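Take a look at the structure below.
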């Protein structure tokens, strides 16, 4: 369990760490892999959430998953991308969070994931929680804890 | 400044967070971009350190930097990779750390970087410090602090 002071300091500057949907680059499940390749290369994120036309979260797709489709059995075959869609290569095995976030679970999930997608009760995409935002809060905690509190071994 | 108890708890399980060079995927500056594309796609890391033949750190290269070379002015031109080397596209603007790491500086750098390369005094590549390892230590800190210590507001 995470203690109350640690939780308070981690959450002090940002109530829920959410980067909201309108500020997150996403792809649609029906986008072509050529489009996905362009978007993933140009935005500089190696993995983005995939939505359906109802703006529900349906997966995550990475640049390496798209590029991997261009490697044939023996050779580099960029024409392999033709006719394939994001839904053909995306990961559907993910652990979306809901608001309010469970800080303990989120900290655990971020050990192995660069971001956690957040959805509402209808699976509508709300945004993402990133390692970057959590690490900002960890910096705050590390600097403030012993400035603001006396810490003594039990 | 980071307090002594926070530092102790963060460093308790791993003295320096280093993933040593032999366990880190790297590219050589003279590798072709075709080779870099294959390696970056297959290992699943979006960015790796680049070494010279003396195993010194000379840059970082990402999958998106390599793929970006395949986009011509108007079209997708995979043949653009031919004849280009990793040294032609890599970032040389980086902030390598030295051992023993400065925890405060490292925590700050990891807000904007997924890993920090570590070198010795001769710029020999020693390994990397990752957000993943730091987040493991943050989980330990978050769980143990108020179990092991009494924390009272000053």
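The values are calculated or read from the model by the stated rules, or taken from the named source; none is laboratory data. Keep in mind that what you see is a predicted model, and the values were worked out from it rather than measured. Cβ atoms come from the backbone with ideal geometry, glycine included; neighbour counts cover every protein chain shown.
So that you can scan it fast, the table gives a plain yes or no per residue for (1) buried (at least 18 other Cβ atoms within 10 Å of the Cβ); (2) farther than 18 Å from residue B:108 by Cβ; (3) at pLDDT 90 or above:
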{"site": "A:85", "(1), (2), (3)": "no, yes, yes"}
{"site": "A:97", "(1), (2), (3)": "yes, yes, yes"}
{"site": "A:105", "(1), (2), (3)": "no, yes, yes"}
{"site": "A:135", "(1), (2), (3)": "yes, no, yes"}
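How many residues does segment B:59-74 hold that are surrounded by 17 or more Cβ atoms within 10 Å (Cβ to Cβ) and more than 11 Å from every other protein chain (Cβ to nearest Cβ)?
Of the residues in that region, 3 qualify.
Per this entry, residue B:20 is counted among residues that are exposed (fewer than 14 other Cβ atoms within 10 Å of the Cβ) and either more than 26 Å from residue A:68 (Cα to Cα) or within 16 Å of the chain's Cα centre (by Cα) (or both). So which residues in segment B:28-47 are without any contact (Cβ under 8 Å) to a residue 60 or more places away in the chain, within 21 Å of residue A:40 (Cβ to Cβ) and touching a helix residue (DSSP H, G or I) at 6+ places or on another chain (Cβ under 7 Å)? Passing the criteria: B:33, B:34, B:36, B:37, B:40, B:41, B:44.
Residue by residue, here is whether (1) within 14 Å of chain B (Cβ to nearest Cβ); (2) out of contact with any strand residue (DSSP E or B) (no Cβ under 9 Å at 6 or more places or on another chain) holds:
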| position | (1), (2) |
| --- | --- |
| A:76 | yes, yes |
| A:81 | yes, no |
| A:97 | no, no |
| A:109 | yes, no |
| A:118 | no, no |
| A:122 | no, no |
| A:129 | yes, no |
| A:145 | yes, no |
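Screening segment B:109-129 for residues that are touching a helix residue (DSSP H, G or I) at 6+ places or on another chain (Cβ under 9 Å) and assigned to a loop (DSSP other than H, G, I, E, B) and picking the one that is surrounded by the most Cβ atoms within 10 Å (Cβ to Cβ) gives B:113.
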